[in-house]
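The values are calculated or read from the model by the stated rules, or taken from the named source; none is laboratory data. Computed from a predicted structure; not experimentally measured. Note: ideal-geometry Cβ built from the backbone for every residue, glycine included; neighbour counts use all protein chains shown.
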Amino acid sequence: MSALMAERSIQAAKQRLTPRPTPRETVSQTITMAWRALKKMRRNPEQFFDVIIQPLLFTAMFSYIFGGAVSGSVKDYLPIVIPGILAQTALTACMATGTQMREDMEKGVFDRFRSLPMSRIAPLAGPMLADVLRYGIAATLTLATGFAMGYRPGGGVLGITLGWLLVIIAGWSMSWIFAWLGTIARSAQAVQGIGMMIMFPLTFLSDAFTPKDTMPGWLQHFVAINPVTLVIHAVRDLINDGNITANVAWALLGCLVIVAIFAPLAIRSYSRKV
């Protein structure tokens, strides 16, 4: 025990003597960590199962189950449900960020990173930058499934592209929540369990699948302030109508607030944990 404490003291002393990375070095190190995460995904293709299978399954399942009851037909229901599934798949995909991070910490990978003269944010921001690819795949497959089922959004190419980008931004910002959970939870299973408790209320207690007006009054108040609801409304405005409305501004502001809160928490917890 004393030898371990001495070794950690030596490492801490070295880190104090090592100059802080410059912004350019931080960006370079973050890209390097993102490349590492992409190579890890290539060697473990099962990491793409949730962003490949889930969009196809959920889009078809919810459309055919709720379409007739909510909107009278599947075709009329698609403009409502597709933006909701886009938000849901992004939230589900970013949940894997914290799980993978916790697994790396359990294997001692982050201990090695901590001993190197690198930015504290790079081991966290790098994998989340790589996960942008997963969010893009999920959003693309959801839209493609909707098109195959007859979805014809009125926002045009520009509106669809902006809605697609907003989903990716929302997924990346919410991934900081799960990155923080990955640094404080005791195991990857704990991160997954906590993530499910977060994902289901945020996703299903919104108007992603049914109109808010049909819900009890007390539930409507929660739905109105649910950050996922803000993203869904913004995506609907962009993809269905091609309009950049106040909902888009509120959604972007919400993403910024999430990053401003949970990114420092994740970095601080990572520094203490490792």
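Only one of the numbered conditions (1) in contact with a helix residue (DSSP H, G or I) (Cβ under 6 Å, 6 or more places away or on another chain); (2) in a helix (DSSP H, G or I); (3) aromatic (Phe, Trp, Tyr) is violated by Phe209, and that is (2).
Each row is one residue, and each column tells you yes or no for (1) surrounded by fewer than 14 Cβ atoms within 10 Å (Cβ to Cβ); (2) at pLDDT below 90; (3) part of a helix (DSSP H, G or I).
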| site | (1), (2), (3) |
| --- | --- |
| Met128 | no, yes, yes |
| Gly136 | no, yes, yes |
| Gly150 | yes, yes, no |
| Gly154 | yes, yes, no |
| Ile160 | no, no, yes |
| Trp164 | no, no, yes |
| Ile169 | no, no, yes |
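Taken over the range 241-274, the residue count meeting the criterion of being over 21 Å from Asn226 (Cβ atoms), under 22 Å from the mean Cα position of the chain (by Cα) and free of Cβ contacts under 8 Å to residues at least 12 places away in the same chain is 2.
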